[in-house]
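Student: Quick one: the structure is below, and I'll ask about it shortly.
Coordinate-derived values only; no laboratory data. Bear in mind the structure is a predicted one, so any value in this text is a computation, not a measurement. Neighbour counts run over all protein chains shown; Cβ positions are idealised from the backbone, glycine included.
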């Protein structure tokens, strides 16, 4: 029977949006968390700790005082039951509105080009919705609103706001994937923004879904550079490469991949993310294992299946829930 997953303080911070200092304070001062300790003194948190933190964040965001939360969780000695989170048990609790309540704050902070405020508001969303929920329900809609709308009177240009949220999304994704990557393990899945930059947002959502499924991943977005992409593709550790592509028959990125891929059984599987309906319905281009439609939910399932297929073919299946974070 595999050992239950354990998470370092860095990984817990990435998954919940609670910074490390706050985690330590909630442990020492309020005795809300009970992490294990390694022989070297490092904290290791289990799944119950993640549930507890999400519940605490939900209650704090809804307006419940920390004193009330501490008293209830100490009495319970762990996560609350579902019925204990109901509104009638917390008179001061306002009904939460997942996603929408943080969306406004993220959009406003981005329009003001206020990175500090953006970090704060998005961190709160991660604490309640989790990294995947916050990314898909807050950052993605915020970016679409900024692209479709206009800036506030007297504020910075919309271009500056869109550039900020694009950088912020890449930074958040990179930090999340690094935090969830097992120590000393190179990436197994590589996400590349190729000749269809408009699909980068979808590619990001797929990368988040794969990363939180405990698969070691790396994302290279717009501006990564051709040389860096080629160098990344050459890594022997890769199992799968996911590439955005506008027109496979004319795609220079696909041609570069064919040249750069290693010859033999260790070559990573290539999945093509495209909006080209003819490619989706017709034949699979040369060197492409699978064509993905731009649907984050369905595409992430396809990527995970290809990863496991490639791992089995090499005889080294990654065991997601027994990794050492």
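Student: How long is the gain from residue 117 to residue 234 if the chain were fully straight, where each residue apart is worth 0.36 nm and the alpha carbon distance is subtracted?
Tutor: My answer for the length gained is 38.2 nm.
Student: Next question. What distance in nm lies between label points placed 7 Å from Cα along the C-beta direction at residue 29 and residue 213?
Tutor: With each label placed 7 Å out from Cα toward Cβ, I get 4.0 nm.
Student: Roughly what would the spin-label model give for residue 246 and residue 183, points 7 Å off Cα along C-beta, in nm?
Tutor: Calculated label separation equals 4.5 nm.
Student: What does the convex hull of the Cα atoms of the stretch 9-89 come to per residue, in Å³, rounded to a whole number?
Tutor: 93 Å³
Student: On a full-extension model of 0.36 nm per residue, what is the gain between residue 308 and residue 275, subtracting their alpha-carbon distance, rounded to one decimal in nm?
Tutor: Stretched fully, the residue 308-residue 275 segment lengthens by 9.4 nm.
Student: Hey, fewest Cβ within 10 Å first, where do 48, 81 land in order?
Tutor: The most exposed by this proxy come first: 81, 48.
Student: With a point put 7 Å past each Cα toward its Cβ, work out how far residue 20 is from residue 48 in nm, to one decimal.
Tutor: It works out to 2.5 nm between the two label points.
Student: Here's another thing I want to ask about it. Express in nm, to one decimal, how much length is gained between residue 65 and residue 10 on full extension, taking 0.36 nm for each residue of separation and deducting their alpha carbon distance.
Tutor: Fully extending the segment from residue 65 to residue 10 adds 17.2 nm.
Student: Counting residues in the stretch 182-317 as N, plug N into 2.2 N^0.38 Å and put the Cα Rg over that result.
Tutor: The stretch 182-317 yields a ratio of 0.95.
Student: Oh, and also: How high is the FRET efficiency between residue 227 and residue 287 when r is their beta carbon distance and R₀ equals 22 Å, given to the nearest 0.05?
Tutor: 0.60
Student: Then there is this: Please give the FRET efficiency for residue 74 paired with residue 171, using the beta carbon to beta carbon distance and R0 = 45 Å, rounded to the nearest 0.05.
Tutor: Step by step, r from the Cβ atoms, then E = 0.80.
Student: Grab the beta carbon distance between residue 85 and residue 162, set R0 = 35 Å, and tell me the FRET efficiency rounded to 0.05.
Tutor: According to the calculation, E is roughly 0.40.
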